[in-house]
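A.B. asks: Structure incoming, see below.
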Amino acid sequence: MVATEGNRILLLSTSLLAATRKFPPGKVAAFLPPPQPFCSCAHMTILIVDDQPNLTKVTVVALRLLDCHTFTASSTSAADQLFATEKIDAVFLDINLGQENGFEYLSQLMARPNPLPVVMFTAQALDEVAAESARRGAFGCMIKPFSLDDLRNQIARISDHLKPSASRSSG
């Protein structure tokens with residue numbers, strides 16, 4: 001569960017802070033290894049479209065652990081503004097966006113030239129939404145709450161999908 005992973009991240013941060021108090025200020029960096037991405041699919045830019053700020057924040061933290069850049073939008077109009085100004089590699093889209101419908105926005109995204117991979121997420125049962133998500137062209141579907149491993153798997157799949165076809169066939 002992302003919340004659990006998020007709590008673990010916070011607990012690790014608290015432990016790290018406690019450990020750093022044993023060392024003089026400015027000397028901590030010498031004892032810490034350089035941060036390493038948890039995934040080889042680094043530097044992808046993901047747009048998270050969700051109207052729940054807490055879940056969005058946790059998802060941002062998790063995706064940053066996977067070395068992804070993130071943008072967030074709480075509505076489809078905010079997402080459209082980001083599409084106009086930023087290079088986005090993939091979208092994580094909530095099905096229930098307050099008064100808006102994520103499925104309808106998915107259809108709009110898929111109708112664009114060169115549609116991006118879109119991963120739908122929902123708190124509903126997977127069976128209820130997976131078929132509709134696939135029918136409308138979603139790249140994947142996840143159930144909330146999701147784990148860091150769930151995100152890692154989706155990011156790896158997206159990364160493989162976005163690789164040029166020549167590098168896919170040569171590997």
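A.B. asks: Starting from the Kirkwood Rh over alpha-carbon pairs, what translational D in µm² s⁻¹ does the range 43-90 have by Stokes-Einstein at 10 °C and 1.306 mPa s?
C.D. replies: Diffusion coefficient, whole number: 148 µm²/s.
A.B. asks: Now a separate question. Apply 1/(1 + (r/R0)^6) to the Cβ-Cβ distance of residue 111 and residue 163, taking R0 = 30 Å, and write down the FRET efficiency to the nearest 0.05.
C.D. replies: On the way: r = 24 Å, r/R0 = 0.81.
Using R0 = 30 Å, I get an efficiency of 0.80.
A.B. asks: Quick one: divide the alpha-carbon radius of gyration of the range 50-171 by 2.2 N^0.38 Å and tell me what you get.
C.D. replies: This ratio for the range 50-171 stands at 1.03.
A.B. asks: Ok, one more. Of all the accessible heavy-atom surface of the range 54-171, with the other protein chains kept in place and a 1.4 Å probe, what percent is carbon and sulfur? Working shown, then result.
C.D. replies: Values: 3070 of 6120 Å².
Result for the range 54-171: 50 percent of the exposed heavy-atom area is carbon or sulfur.
A.B. asks: Calculated FRET efficiency, residue 64 and residue 96, Cβ-Cβ r, R0 22 Å, to nearest 0.05?
C.D. replies: For residue 64 and residue 96, the calculated efficiency is 0.35.
A.B. asks: How much accessible surface area, in Å² rounded to 10, belongs to the heavy atoms of residue 72 with a 1.4 Å probe?
C.D. replies: Approximately 70 Å² for this residue.
The values are calculated or read from the model by the stated rules, or taken from the named source; none is laboratory data. Note that this is a predicted model, so its numbers are computed, not measured. Here Cβ is always computed from backbone atoms with ideal geometry, including for glycine, and neighbour counts include all displayed protein chains. Keep in mind that these areas ignore ligands, DNA and RNA; they rest on the heavy atoms of the full protein, side chains included. Shrake-Rupley method; radii C 1.70, N 1.55, O 1.52, S 1.80 Å.
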